[in-house]
Amino acid sequence: MEVTEINIRPYQPNDEHQVIELWHRCNLVVSWNDPKHDIKLKLQVQPHLFLVAARGQLIVASVMAGYEGHRGWINYLAVSPDYQRQGIGRLMMATAEAELKKLGCPKVNLQVRATNQSVIAFYEKIGFADDHVIGMGKRL
């Protein structure tokens, strides 16, 4: 398959089922995150930065990007296991980064579980590096 057969576009409401299924297949859904709720929240803030890659009617990748005026963030980058290692992840990231640059974003951050070595290796290959910071969070 050629990457040119992929159409990257903003998420549409009728993509929900396929996107959530994709996230499950890519092990992005954890017990404390409700993917439907995460989608609903994203659609309220910069919905144009929620991108999917479609091959025909099939959603094969997704990425959520955001920019709050200081840093950009990447969430839910997923490429279907059947389509990995074909350049789609790179293309999704390049597209998200280009959209963030249009907004004046100077730097993009993301978080990866420390145990997910293959994903860490992917991000390192496309120019990301460990910032030597500790990610902290608090559930509200």
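The values are calculated or read from the model by the stated rules, or taken from the named source; none is laboratory data. None of the values given here were measured: they were computed from a predicted structure. Every residue, glycine among them, receives a Cβ derived from its backbone with ideal geometry; neighbour counts consider all protein chains shown.
Mind listing whichever residues of the stretch 110-140 are under 16 Å from MET92 (Cβ atoms), among the aliphatic types (A, V, I, L, M) and in a helix (DSSP H, G or I)?
Result: VAL119, single match.
Taking the stretch 104-115 as the region of interest, how many residues are farther than 15 Å from GLY135 by Cα and surrounded by fewer than 15 Cβ atoms within 10 Å (Cβ to Cβ)?
3
Of all residues in the stretch 56-99 being of a type in the set (Gly, Ala, Ser), without any contact (Cβ under 8 Å) to a residue 40 or more places away in the chain and surrounded by 16 or more Cβ atoms within 10 Å (Cβ to Cβ), which is nearest to ASP38 (Cα to Cα)?
Checking each candidate, the answer is GLY66.
What's the number of the condition GLY89 fails, among (1) out of contact with any helix residue (DSSP H, G or I) (no Cβ under 9 Å at 6 or more places or on another chain); (2) part of a helix (DSSP H, G or I); (3) of a type in the set (Gly, Ala, Ser)?
Going through the list (1) out of contact with any helix residue (DSSP H, G or I) (no Cβ under 9 Å at 6 or more places or on another chain); (2) part of a helix (DSSP H, G or I); (3) of a type in the set (Gly, Ala, Ser), GLY89 breaks only (1).
Applying the selection to the stretch 40-72, what residues are more than 15 Å from ASN7 (Cβ to Cβ), in a strand (DSSP E or B) and not hydrophobic (A, V, I, L, M, F, W, C)?
Of everything in the stretch 40-72, those that are more than 15 Å from ASN7 (Cβ to Cβ), in a strand (DSSP E or B) and not hydrophobic (A, V, I, L, M, F, W, C) turn out to be GLY66, TYR67, GLY72.
Scanning for something touching a Phe, Trp or Tyr at 6+ places or on another chain (Cβ under 6 Å) and part of a helix (DSSP H, G or I), does the stretch 73-86 turn up at least one residue?
no
Only one of (1) within 20 Å of PHE122 (Cβ to Cβ); (2) over 13 Å from the mean Cα position of the chain (by Cα); (3) among the acidic types (Asp, Glu) fails for GLU68. Which number is that?
The failed condition is (1).
For the stretch 13-47, name all the residues that are polar (S, T, N, Q) and either without any contact (Cβ under 8 Å) to a residue 24 or more places away in the chain or in contact with a Leu (Cβ under 6 Å, 6 or more places away or on another chain) (or both).
The answer is ASN14, ASN27, SER31, ASN33, GLN44, GLN46.
Any idea which of (1) over 25 Å from ARG139 (Cβ atoms); (2) surrounded by 19 or more Cβ atoms within 10 Å (Cβ to Cβ); (3) modelled with pLDDT of 95 or more is the one PHE122 doesn't satisfy?
In the conditions (1) over 25 Å from ARG139 (Cβ atoms); (2) surrounded by 19 or more Cβ atoms within 10 Å (Cβ to Cβ); (3) modelled with pLDDT of 95 or more, PHE122 misses (3) alone.
So, in the stretch 92-109, exactly how many residues are assigned to a helix (DSSP H, G or I) and over 10 Å from the mean Cα position of the chain (by Cα)?
Residues that pass the stated criteria total 8.
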